[in-house]
Amino acid sequence: MEKVKLNNGLAMPILGLGVFQIPDAAACEKAVIDAIEIGYRLIDTAASYQNERAVGHAIKKSGVEREDLFITSKVWVQDIGYEKTKAAFQQSLDKLQLDYLDLYLIHQPYGDIFGSWKAMQELYHEGKIKAIGVANFHPDRLMDLIANSGFTPVINQIETHPFYQQFETQKFLDENKVQIQSWGPFAEGKHDIFKHEILSAIGHKYNKSVAQVILRWLIQRGVVAIPKSIRKERMAENFKIFDFQLSTDDMQHIGTLDTNSSSFFDHRDPAMVKWLSEYKVDL
Ligand SMILES: NC(=O)c1ccc[n+]([C@@H]2O[C@H](COP(=O)([O-])OP(=O)(O)OC[C@H]3O[C@@H](n4cnc5c(N)ncnc54)[C@H](OP(=O)(O)O)[C@@H]3O)[C@@H](O)[C@H]2O)c1
């Protein structure tokens, strides 16, 4: 498995499994066990996905050594702030039955993120988290955090797929030594992506599926990807992307699909800021 080196020296697999929208514990546990069996070592969960316990059971049952896995979780908005983040982190750790996390992220850029960031830095220095980062931060919010905390996140996990390619943001992140990670690499199937004419035609040339073309395009750009699937055959398909290389022409052709806007919602839309800030999860 190819790895990227984060700004603190930690190596992170460039491909992993995301477990968003798998609320059923048995389904989530099976998905993670299947993924690890296939060879996945990076698992991306979050407190708000309400499946950390299932991920923890799967890790235990997988038989793979803890140090060979890379486990990410995230603090949800209702736990933003110094004290609450410390408690939320311990709760995540307990549910996952782990004694450290590889990566812990601020899930949304709202509320007392500086309090959370301070708590996370302390947990990092205590060795309870190997690296800390953020998700869904637009460049201005990220620069605010870097400039006013003096501590640069290792990663920014943001919506990145053929219809929202994030080239400018990736440049900004590179300049600031923050690794870009894609969430929603398939735009969750929107735009009939798996049947897209251009992506299908490119796939045909390499005898690869649309999903494989998208993931290859991401990792060839140096973007860490965490596609979600509950189907083992799809996980295996999504994993077979290290045996081919897209030509420069094909990379550029995919570049023409960019709409430079979210396929979901804008994190700067005041209505969404309010909605997400008030979104309570039963943790
Ligand atoms: N930080 C954030 O705010 C944030 C937001 C969203 C997501 N994420 C993370 O990013 C991960 C991935 O994003 P996502 O789950 O939103 O969406 P996604 O990975 O873009 O798409 C998942 C969808 O694609 C289907 N799929 C997967 N592989 C396929 C294949 N080879 N062929 C056809 N269909 C396939 C899945 O169906 P099946 O399961 O039925 O195969 C599912 O419906 C999440 O799981 C989560 O870990 C983070």
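The values are calculated or read from the model by the stated rules, or taken from the named source; none is laboratory data. In this text the structure is predicted, and so the values were computed from the model without any measurement. Positions of Cβ are generated from backbone atoms using ideal geometry, with glycine treated the same way; all protein chains shown enter the neighbour counts. For accessibility, only protein heavy atoms count, side chains too; no ligands or nucleic acids. Shrake-Rupley method; radii C 1.70, N 1.55, O 1.52, S 1.80 Å.
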For Ala187, are the conditions met, namely being farther than 19 Å from Leu15 by Cα and of a type outside the set (Lys, Arg)?
-> no
Take the residues in segment 25-39 that are away from the ligand (no atom under 12 Å from the Cβ) and either assigned to a loop (DSSP other than H, G, I, E, B) or of a type outside the set (Val, Ile, Thr) (or both), then tell me which one is nearest to Met1 (Cα to Cα).
-> Gly39
Sort through Ile219, Ile202, Ile198 and tell me the only one that's touching a residue at least 40 places away in the same chain (Cβ under 8 Å), in a helix (DSSP H, G or I) and open to solvent by 40 Å² or more (accessible area, probe 1.4 Å).
-> Ile198
Within segment 57-76, can you find the residues that are in contact with a strand residue (DSSP E or B) (Cβ under 9 Å, 6 or more places away or on another chain) and either part of a helix (DSSP H, G or I) or modelled with pLDDT under 95 (or both)?
-> Ala58, Ile59
Any residue at all in segment 9-22 that is within 10 Å of the ligand (Cβ to nearest atom), on the phi > 0 side of the Ramachandran plot and part of a loop (DSSP other than H, G, I, E, B)?
-> yes
What is the residue count in segment 110-135 for residues that are in contact with a strand residue (DSSP E or B) (Cβ under 6 Å, 6 or more places away or on another chain), closer than 20 Å to Met12 by Cβ and not small (Gly, Ala, Ser)?
-> 7
Look at Asp144 and say whether it is open to solvent by 10 Å² or more (accessible area, probe 1.4 Å), away from the ligand (no atom under 16 Å from the Cβ) and over 26 Å from Pro227 (Cβ atoms).
-> yes
Only residues that are away from the ligand (no atom under 11 Å from the Cβ), within 23 Å of Thr72 (Cα to Cα) and surrounded by fewer than 18 Cβ atoms within 10 Å (Cβ to Cβ): list them for segment 173-195, please.
-> Asp174, Asn176, Lys177
For the subset of segment 44-79 comprising residues that are acidic (Asp, Glu) and either over 17 Å from Ile226 (Cα atoms) or open to solvent by 10 Å² or more (accessible area, probe 1.4 Å) (or both), which member is nearest to the ligand (Cβ to nearest atom)?
-> Asp79
Take segment 229-277 and flag every residue that is free of Cβ contacts under 8 Å to residues at least 40 places away in the same chain, outside any helix (DSSP H, G or I) and closer than 26 Å to Asp24 by Cβ.
-> Arg231, Phe265
For segment 202-224 the number of residues that are hydrophobic (A, V, I, L, M, F, W, C), more than 8 Å from the ligand (Cβ to nearest atom) and out of contact with any His (no Cβ under 9 Å at 6 or more places or on another chain) is 6
